[in-house]
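Encoded as structure tokens, the structure appears first; notes follow it.
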Amino acid sequence: MKTVKDACTLQPNALSITLSEQVEQLDELIKAEADGQAFFDKTSITAGMRELIDLGVARLAGQSSTAIFHLKQAMGGGKTHLLVGLGLLARFPEPVSYTHLTL
């Protein structure tokens, strides 16, 4: 039986990734999502995302003094996805028809 090391082939750049290549540019991700319709069509709003959206929108509307949101999910926990969603709602305050989102 092959070992994992024997069975796997690394991509040529797998060991040459720098930290700067791993940092997402949120503004670019938000701009790439057009009006946000496709983003929210493929997004299931969780309780945590709902809480961030509620608090973030309240802050942007001047209805809350909460200015810091501590996102403590582990790697792969959806932090970037949450921030893109909030950024889209800030950019497009009147969504066209986000089927999974009711504000």
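Subtracting the Cα-Cα distance from 0.36 nm times the residue separation, let me have the gained length for Ala34 to Cys8 in nm, one decimal.
Numbers: separation 26, 0.36 × 26 = 9.36 nm, distance 3.75 nm.
Working it through step by step, the gained length comes to 5.6 nm.
Can you run phi through the Karplus equation (6.51, -1.76, 1.60; θ = phi - 60°) for the stretch 46-54 and list ³J(HN,Hα) in whole Hz, with x for Gly and Pro?
Couplings: 8, 4, x, 5, 4, 5, 4, 4, 4 Hz.
Could you sort the peptides 34-46, 58-70, 80-92, 1-13 by per-residue average Cβ neighbour count (10 Å cutoff), highest mean leading? Please list the in-between numbers first.
On the way: 34-46: 14.2, 58-70: 9.8, 80-92: 18.2, 1-13: 7.2.
Averaged packing, sorted descending, gives the order 80-92, 34-46, 58-70, 1-13.
We did not get these values from a lab; they are worked out from the coordinates using the rules stated. Note that this is a predicted model, so its numbers are computed, not measured. Heads up, the Cβs are rebuilt from the backbone with ideal geometry, glycines too, and the neighbour counts pull from every protein chain shown.
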